[in-house]
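Everything below concerns the one structure shown next.
The values are calculated or read from the model by the stated rules, or taken from the named source; none is laboratory data. Everything numeric in this text was worked out from a predicted model, so none of it was measured. Cβ atoms come from the backbone with ideal geometry, glycine included; neighbour counts cover every protein chain shown.
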Amino acid sequence: MRLSTRVALAVGASVPVLVLASGWLLLHMVTHDLRAHRDAQLRVRATIVAKNAKAYLDVVGTDHPVMEEARHQRLVNSARDVGIRLTGPQGSVSAGPRPDPLPDLPPAAPQPVTVTSGGKDWLVLSLRVGAAKEGPTPNLWLFSPETAADELTSVRERVLTGALLAAPVSGAAAWGIAAGAVRPLRRLQRRTSGLDPRTSAARLEHTPTRIAEVDDLAQTLETVLARYDEQVARTGEALATARAFAATASHELRTPLMSMRTNLDILTEHPDLEAADRAEVLEDLEREQARLLGLLVMLRALAQGDLVEADAFATLSLAELVDASVTDLRRAHPDADVTVRAATGLRVHGWEQGLRSAVDNLLTNAWTHGRADDGVARIEVTLRASRDPSRQAAVLTVDDFGPGIAAERREEIFQRFRRGPDSPGSGLGLTLVAQQVALHRGRITVLDRPDGRPGTRFELRLPATGVEDVQNTLTLVSRDWLTGRVADR
């Protein structure tokens with residue numbers, strides 16, 4: 001059932017009820033007012049009639065017949081449109097309209113009462129008139145026909161007629177108003193019903209209608225559709241990453257696996273192999289196994305970086321993260337000579353696992369390739385705030401004392417599987433560093449040592465934040481480091 005039809009039925013059913021309720025309340029108020037006005041008029045008339053009745057009783061039974069007749073006439077004339085009955089020591093006097101037959105009359109009371117006689121209601125007011133010298137106390141009754149019931153019956157009929165007419169009229173009017181009110185909703189429904197992302201790239205374009213509910217609904221739909229598009233893109237990226245992981249792993253693992261297979265065949269086919277040769281084969285087998293394990297770990301890290309979501313980001317203390325990485329390097333390589341100068345209070349909004357992996361790989365790269373001529377790996381780590389006042393940033397530098405990197409090779413070292421001829425790694429460590437720098441909207445630069453001595457400096461710049469907690473949404477960026485499509489980085 002359409003909304004306009006529902007509104008029309010609801011209004012068509014509720015308006016008659018409201019009319020009847022209002023009519024009943026109005027009828028109750030009119031009835032009260034009519035009766036109060038009628039009682040007040042009867043009491044006013046009773047005051048006048050009672051005065052004349054007392055004057056009449058004062059001359060009844062005296063030797064003044066002319067005065068008695070005059071006061072009797074005055075009593076009758078004062079009643080006019082009401083009936084009276086006066087009882088006294090000398091008999092009773094009646095005039096005007098009265099109940100027929102005469103019912104039992106009420107005793108004296110301050111308020112009128114209603115009596116019924118001959119199927120007709122009468123309003124009766126009873127009151128004492130003076131005091132008799134002998135015999136019963138004189139009493140005066142005033143009679144007035146009850147006409148309020150007939151007047152109220154007419155009001156009831158009109159209220160009922162109004163309620164019966166209001167039902168179809170109000171229903172039709174409500175249907176027309178509701179149909180006009182929901183027209184923008186129907187237009188919005190028609191526009192959204194044709195949005196099928198499987199067949200069309202069209203998206204919802206809403207023109208403000210100045211109807212708050214419709215505009216809010218359209219904004220909600222646009223938000224839902226935008227999130228749907230984002231999730232579809234995320235799903236596509238995840239699928240591409242999974243495929244790339246499988247293809248890359250299959251391709252890159254083939255060489256170490258074949259080498260391991262060859263060494264195993266040698267051990268199997270030559271059980272009497274010389275001890276020196278056997279040790280050499282086992283050493284090669286161990287080296288290939290370590291390379292294989294390192295390659296799998298790096299591929300997994302790249303895949304995690306391609307699939308990380310916004311809720312993984314938080315405000316981090318960069319000094320604490322660098323200190324933890326240096327501590328782990330010293331524990332794993334006690335021979336490393338590491339110097340750290342880290343400014344405290346620098347915070348970044350980032351993914352802790354990803355940044356930690358990037359710093360770990362920079363330190364490991366310096367330990368592996370940055371040894372001086374004496375064979376000692378000396379590493380200098382510095383963390384400071386940027387000197388550029390226009391841009392709040394944290395600057396991390398890692399200096400080594402190795403042979404350095406030629407200027408023409410400083411870009412390609414971040415590409416996948418680029419390894420030096422004597423490198424024991426997988427060729428993915430610096431690729432993972434570049435991935436995390438791009439993900440955190442940072443920048444990494446390869447430089448010569450500023451003091452002119454042999455060696456290489458890796459300078460990493462990350463946007464810094466001065467607050468404890470940051471709540472924002474990571475924008476949807478292209479993350480395809482695992483697949484190798486890293487152009488325009």
Exercise. Go through the stretch 32-83 and give me each residue that's over 30 Å from Leu152 (Cα atoms), basic (Lys, Arg) and free of Cβ contacts under 8 Å to residues at least 60 places away in the same chain.
Key: Lys51, Arg71, Arg74
Quiz item: So, of the residues in the stretch 368-405 that are closer than 19 Å to Arg453 by Cα and among the hydrophobic types (A, V, I, L, M, F, W, C), which turns out to be surrounded by the most Cβ atoms within 10 Å (Cβ to Cβ)?
Solution: Ile379
Quiz item: Could we say that Arg387 is in a loop (DSSP other than H, G, I, E, B) and either under 42 Å from the mean Cα position of the chain (by Cα) or within 27 Å of Arg441 (Cα to Cα) (or both) here?
Solution: yes
Quiz item: Which of the following residues is at pLDDT below 90 and touching an Asp or Glu at 6+ places or on another chain (Cβ under 6 Å): Gly345, Gly370?
Solution: Gly370
Self-check item: In the stretch 59-71, the residues that are touching a helix residue (DSSP H, G or I) at 6+ places or on another chain (Cβ under 8 Å) and modelled with pLDDT under 85
Solution: Val59, Val60, Thr62, Glu68
Quiz item: outside any loop (DSSP other than H, G, I, E, B), assigned by TED's automatic domain parsing to the domain that holds Val446 and within 47 Å of the chain's Cα centre (by Cα), is that true of Asn361?
Solution: yes
Quiz item: Only one residue in Thr223, Thr199, Thr262 is of a type in the set (Ser, Thr, Tyr) and either touching a Lys or Arg at 6+ places or on another chain (Cβ under 9 Å) or at pLDDT 80 or above (or both), so which one is that?
Solution: Thr262
Practice problem: Go through the stretch 305-339 residue by residue and tally those that are assigned to a strand (DSSP E or B) and over 17 Å from Arg461 (Cα atoms). | Solution: 5
Quiz item: Taking only pairs six or more apart or across chains, which ones have beta-carbon atoms under 9 Å, a first residue in the stretch 438-454 that is on the phi > 0 side of the Ramachandran plot, and a second residue that is surrounded by 15 or more Cβ atoms within 10 Å (Cβ to Cβ)?
Solution: Arg441/Leu462; Arg441/Pro463
